[in-house]
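Q: Dropping a structure here in structure tokens format, bear with me for questions.
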């Protein structure tokens, strides 16, 4: 029977402090402004930039000064070097960029709240001092008002999607917002946002396109689109039923061509305006590369951004159900969406990802995404989300940040995406940050171009599991050259057959088997085994072996001194598996009861062997408060350090250090 121990989190501190590893990276901005250079980001001084980050949602972007200082330190201790200011314009949250408190009627979105802005300013200053960069997402949930000069404002969805891409009044309002925000001078840094290299990326609009998600149906904007489409058809001499066609289904032919042109025009106009304002950093259009048409238009921007979630749940106000499967159990875990939008010679960043609570096996996700991203040469990841607010001292359980069942009518905002206190995900950020920022996993040895069949289709078989094999880039059929490609295949070609049951990266560092339900990362600086370990017996890596008696676990170790594991005198070992609130109850895939504090982690029992040149290593268990719990009994014989975790001084963190 599984054994659990409490492992609480604290909003003002972290048990392990990685800041010493990246001490030369403070303050953020010391290397100059970020720029895109081919397939990667680099700073003005030539330093290659890679980011492991988190989103701050809604009210979490506007902390008081005391919390801002503590929060910035805590993020840096976990190895985070980027935050994305997300949903700052969400009127359902408090504060937001338009209103610091609830009560007064806000009848315009053309004025920024001075208190909210001051809090954001100070937070940026604190993050900068800790070496944490900023990604600005300023257009996500803005609810235009009639007094903004917007017709039928009440009938529009968040950010007026997709009408914001072609309605002239909405475009002018977006430009006005960009000007107000980016020209604003932060009194704590003395710099306008546009002149501060702490900012590294920005997008025009979050999760928006003309091809899929948001139908064109609200008036007068649907009629406006048809009139514009008719004028375009006439200018091209094309016969087409602009008045009677379905604008949202089977988008092909002239309608597809027109939507591509409209989206391209929007991106080009907005980015041109941003450059006129003096904004120097890379800008993308959106982060919603569901189809090839989306990615094709994003080629007009500075980098590709995408989102991906491993989940399949129904999470309503009262009915809460979750797909309870691990990444190691899935042949297709959905990560094919990344390579389908990975344009050759453009940087790739994932500004949202998650494998949400209460999935029992979510601890696989940080290691999996970080290692696959490093293999592909992506520029980094930001999880969605750290938190929705700043009152975290009372948030002592998973999945429940607020007192209500929904926030803004959306059930998952009650806390299902809050990760700051989740041992199974945030607890592994130390290793994920090292893999990403330090480049512990090497880029793939080969590059394969996948030619898609059409611009409106889901990822074909070639994309399934192939991001774990070689570097995969997409050929959109627009004539763009792809450099140094080992081969080009159709998206209907299977690169990783399901029946084989496993995939190993071409550089030999990553392995995953959906038959064995096992994954490994094997590099000089980081080693990890994850998945259903007990049934697989002893797992052998170079210089390390793990034999775990838990049916499911993640066992990760990373060198903290930059030496390879076999010669390192300072190694972080993390062992974690399931993590739940005490007395949480589930029936099949349905949650019956959240449970209550404290957060409980399953004790991981594992025999570990490390071949090492250091005979005087000691294994210290570290608790959630950062105290040494005790020294784990160990033996050094014939160049191998052997010890067992889970019996004495049980924890999830262990520091293996030379005396």
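Q: Condition first: assigned to a helix (DSSP H, G or I) and farther than 21 Å from residue 456 by Cα. Now tell me which residues in region 234-259 satisfy that.
A: 234, 235, 236
Q: Say whether the condition of being modelled with pLDDT of 95 or more, in a helix (DSSP H, G or I) and crowded, with 20+ Cβ neighbours inside 10 Å is met by at least one residue in region 137-158.
A: No; the residues of region 137-158 include none that is modelled with pLDDT of 95 or more, in a helix (DSSP H, G or I) and crowded, with 20+ Cβ neighbours inside 10 Å.
Q: Between residues in region 105-119 that are in contact (Cβ under 8 Å) with a residue 60 or more places away in the chain and residues that are crowded, with 19+ Cβ neighbours inside 10 Å and part of a loop (DSSP other than H, G, I, E, B), which pairs lie under 8 Å by C-beta distance while being six or more apart or on different chains?
A: These pairs meet every condition: 109/89; 109/98; 109/142; 109/143; 109/144; 112/97; 112/98; 117/97.
Q: Picking from 455, 398, which residue would you name as being touching a helix residue (DSSP H, G or I) at 6+ places or on another chain (Cβ under 7 Å), more than 20 Å from residue 16 (Cα to Cα), in contact (Cβ under 8 Å) with a residue 60 or more places away in the chain and part of a loop (DSSP other than H, G, I, E, B)?
A: 455
Q: Which of the residues spanning region 435-455 are closer than 30 Å to residue 247 by Cβ and crowded, with 18+ Cβ neighbours inside 10 Å?
A: Scanning region 435-455 gives 450, 452, 455.
Q: Also, I was wondering about something else. Quickly run through region 540-577 and pick out the residues that are touching a strand residue (DSSP E or B) at 6+ places or on another chain (Cβ under 8 Å), assigned to a strand (DSSP E or B), surrounded by fewer than 23 Cβ atoms within 10 Å (Cβ to Cβ) and free of Cβ contacts under 8 Å to residues at least 60 places away in the same chain.
A: Scanning region 540-577 gives a single hit, 541.
Q: Can you tell me which residue within region 382-395, out of those that are touching a helix residue (DSSP H, G or I) at 6+ places or on another chain (Cβ under 7 Å) and surrounded by 24 or more Cβ atoms within 10 Å (Cβ to Cβ), is farthest from residue 435 (Cα to Cα)?
A: 388
Q: Where residues in region 493-514 are in a strand (DSSP E or B) and either in contact with a helix residue (DSSP H, G or I) (Cβ under 9 Å, 6 or more places away or on another chain) or at pLDDT below 95 (or both), which of them is nearest to residue 371 (Cα to Cα)?
A: Among residues in region 493-514 that are in a strand (DSSP E or B) and either in contact with a helix residue (DSSP H, G or I) (Cβ under 9 Å, 6 or more places away or on another chain) or at pLDDT below 95 (or both), the one nearest to residue 371 (Cα to Cα) is 510.
Q: Test each condition in (1) part of a strand (DSSP E or B); (2) out of contact with any strand residue (DSSP E or B) (no Cβ under 8 Å at 6 or more places or on another chain); (3) within 27 Å of residue 343 (Cα to Cα) for residue 489 and report the one that comes out false.
A: Only one criterion is unmet by residue 489, namely (2).
Q: Moving on to the next point. For the subset of region 126-136 comprising residues that are buried (at least 21 other Cβ atoms within 10 Å of the Cβ) and assigned to a helix (DSSP H, G or I), which member is nearest to the chain's Cα centre (by Cα)?
A: Per the stated criteria, the residue is 127.
Q: Okay, next question. Quick one: which of 251, 260, 337 is modelled with pLDDT of 95 or more and buried (at least 17 other Cβ atoms within 10 Å of the Cβ)?
A: The match here is 260.
Q: If the requirement is being over 15 Å from the mean Cα position of the chain (by Cα), part of a loop (DSSP other than H, G, I, E, B) and more than 30 Å from residue 501 (Cβ to Cβ), which of these qualifies: 346, 323?
A: One residue alone meets the criteria, 346.
Q: Next up: Just need a number here: residues in region 62-116 that are over 30 Å from residue 19 (Cα atoms) and outside any loop (DSSP other than H, G, I, E, B).
A: Residues that pass the stated criteria total 4.
Q: Here's another thing I want to ask about it. From 53, 32, which residue is in contact with a strand residue (DSSP E or B) (Cβ under 8 Å, 6 or more places away or on another chain), within 15 Å of residue 128 (Cβ to Cβ) and surrounded by fewer than 16 Cβ atoms within 10 Å (Cβ to Cβ)?
A: 32
Q: Quick one: would you say residue 519 is under 27 Å from the mean Cα position of the chain (by Cα), outside any loop (DSSP other than H, G, I, E, B) and closer than 29 Å to residue 653 by Cβ?
A: Yes; evaluated as a whole, the condition is true for this residue.
Q: Select, from 489, 473, the only residue that is in contact (Cβ under 8 Å) with a residue 60 or more places away in the chain and more than 26 Å from residue 516 (Cβ to Cβ).
A: 473
Q: Something else now. If you scan region 363-397, which residues turn out to be in contact with a strand residue (DSSP E or B) (Cβ under 6 Å, 6 or more places away or on another chain) and under 17 Å from residue 57 (Cα atoms)?
A: 381, 382, 383, 384, 385, 386, 388, listed by residue number.
The values are calculated or read from the model by the stated rules, or taken from the named source; none is laboratory data. These numbers come from a predicted model, not from an experiment. Reconstructed Cβ throughout: ideal geometry from the backbone, glycine too, with neighbour counts over all protein chains shown.
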